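As structure tokens, the structure follows; a few thoughts come after it.
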């Protein structure tokens, strides 16, 4: 059976291409972890993530991303696309003074998580939607890691827990993902989250309630953020 994966590197595109994930992380939220917002705590797929990715493991993966950025700034060539594997997906996001400045996600089937973090981090620096983060901005930059759990089909657009599930919206060949971390970061309600992913997908904000042809998927998420410069 062939390995199936998607790389999300632009705002909204086809399955062969992808969609960036971006939002705003409030100042002072470094070290922010998704487990603080998840419910219920005994959700099986969330337990699986917790067992695999302790706080120390999240910090280790985030450190790989951080090191990769500084190596790139020091003239080392950008990492090549790693080999996929059996692990969960991830996203690396860069926020400067509370504003998004880059994000890249590999939604599923990562290989070595540290190597994928290195790749995603430098690609986030190259996010064409934003001005590249400069070395002199490092002290004002937060770096955020998100781990995507197993994706599963939803019964309907309401079948998710805000702040706990990431959402994947499929509209024909177009795919859009929105990270669970936006809920606590922006104080989103369930309706806010649905409206935001629809707008990101280029749809009317009420398409979640009006378009019956949309396909919805969800995954539990863990995320962790720290200052880039330590």
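Among the residues of segment 169-189, those that are in a strand (DSSP E or B), in contact with a helix residue (DSSP H, G or I) (Cβ under 9 Å, 6 or more places away or on another chain) and without any contact (Cβ under 8 Å) to a residue 60 or more places away in the chain comprise 169, 171.
What are the residues in segment 205-216 that are outside any loop (DSSP other than H, G, I, E, B), in contact with a strand residue (DSSP E or B) (Cβ under 9 Å, 6 or more places away or on another chain) and either modelled with pLDDT under 95 or surrounded by 19 or more Cβ atoms within 10 Å (Cβ to Cβ) (or both), if any?
Here is the first cut: in segment 205-216, the residues outside any loop (DSSP other than H, G, I, E, B) are 207-210, 215-216.
Narrowing the set further to residues that are in contact with a strand residue (DSSP E or B) (Cβ under 9 Å, 6 or more places away or on another chain) leaves 207-208, 215-216.
Hits for segment 205-216 are 207, 208, 216.
Residue pairs whose Cβ atoms lie under 6 Å apart, separated by 6 or more positions or on different chains, with the first residue in segment 36-60 and surrounded by 14 or more Cβ atoms within 10 Å (Cβ to Cβ) and the second at pLDDT below 80 and assigned to a loop (DSSP other than H, G, I, E, B), are 46/38.
Counting only residues that are touching a residue at least 12 places away in the same chain (Cβ under 8 Å) and assigned to a helix (DSSP H, G or I), which one in segment 190-204 is nearest to residue 161 (Cα to Cα)?
Looking at the filtered set, the residue picked out is 190.
The set of residues in segment 77-130 that are at positive phi and either touching a helix residue (DSSP H, G or I) at 6+ places or on another chain (Cβ under 8 Å) or crowded, with 24+ Cβ neighbours inside 10 Å (or both) comprises 97, 102.
Where residues in segment 137-168 are in a loop (DSSP other than H, G, I, E, B), touching a residue at least 60 places away in the same chain (Cβ under 8 Å) and in contact with a helix residue (DSSP H, G or I) (Cβ under 8 Å, 6 or more places away or on another chain), which of them is surrounded by the fewest Cβ atoms within 10 Å (Cβ to Cβ)? Among those residues, the one meeting the criterion is 150.
Restricting attention to segment 11-21, does a residue exist that is under 17 Å from residue 184 (Cβ atoms), crowded, with 17+ Cβ neighbours inside 10 Å and modelled with pLDDT under 95? Yes - at least one qualifying residue is present in segment 11-21.
The values are calculated or read from the model by the stated rules, or taken from the named source; none is laboratory data. Quick caveat: nothing in here was measured; it's all calculated off a predicted structure. With ideal geometry, Cβ positions are generated from the backbone for all residues, glycine too; neighbour counts draw on all protein chains shown.
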